[in-house]
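Please treat every number below as a calculation from the coordinates, not as lab data. It should be emphasised that the depicted structure is a prediction, and the values quoted were computed from it without experimental measurement. Using ideal geometry, Cβ is built from the backbone for each residue, glycine included, and neighbour counts are taken over all protein chains shown.
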Amino acid sequence: MMLPKLRPLFVLLLVCTLLGCAGSAGRYLPVSAGTPRISTLGFSVLPPPGPGWYEKISKDSLFYFKKIESETYAIATKATELQFKHPFPDDESFYVFTTSRKQINGSPALVHRVGLTVEPSNHSGRCLRYRQVYEDYRTENGRGPLPGQATTVTNTGLICVYPDNERVGIDLYYQERRLPGGQHLSCAPEGEAFLNNLSFLTLEARR
């Protein structure tokens, strides 16, 4: 059976649908500098390394997608500032929050085999690492299945609490999307670098 082809624009639309970056693709600009992107809440994020990355800032989120000459693979990243109603009194409450936030909301007919793991992270600070894997039958507009094919989606990320203010945090992750039967391709090391380059600025450093 021949693998149905995905045009590069269609791949981009699939990625942006899940990441929530709907809008004009013209708002994305090529990453021209690898300098830190500093949040007003005290987080520092670097663009993913490697060629072909495009960047967009929208409200409380920072988006990146990588232009790849592939019809079966796509990767994008996202960092979002979080504000909590109350500090987490213990690790268990932080774990419950993270697990609840990363649940996939979708019709069982369109989102299959959902798996989620949440575990302590080796990253400095109070962070949890999560990994979501599921089969997505939604099209780029979120309605209806792809004809006979599911896209395998993997989201790998961190949710962290800012050390100097436990009422704010950050959720950043990279997403890989694959169609079955394509050539094996992975830019996961670039996504991992995006996660690992997160840093926290002290109050003194922000002044």
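Put a dot 7 Å past the Cα of residue 197, heading toward its Cβ, do the same for residue 67, and the two dots end up 1.9 nm apart. Computed from the C-beta positions of residue 100 and residue 166, the FRET efficiency with R₀ = 30 Å rounds to 0.95.
Charge tally for residue 197 (other residues, Cβ to Cβ under 12 Å; Lys, Arg +1; Asp, Glu -1): -1. Sequence-distant contacts, meaning Cα pairs under 8 Å at least 6 residues apart, place the relative contact order of segment 57-122 at 22 percent.
Place a label point 7 angstrom from the Cα of residue 83 along the Cα-to-Cβ direction, then list the residues of segment 37-65 whose backbone nitrogen is under 19 Å away. Output list for this probe position: 38-44, 58-62.
Please give the length that would be gained between residue 117 and residue 184 if that part of the chain were fully extended, namely 0.36 nm times their separation in residues minus their C-alpha to C-alpha distance (nm, one decimal).
On the way: separation 67, 0.36 × 67 = 24.12 nm, distance 2.37 nm.
21.7 nm is the gain from fully extending residue 117 to residue 184.
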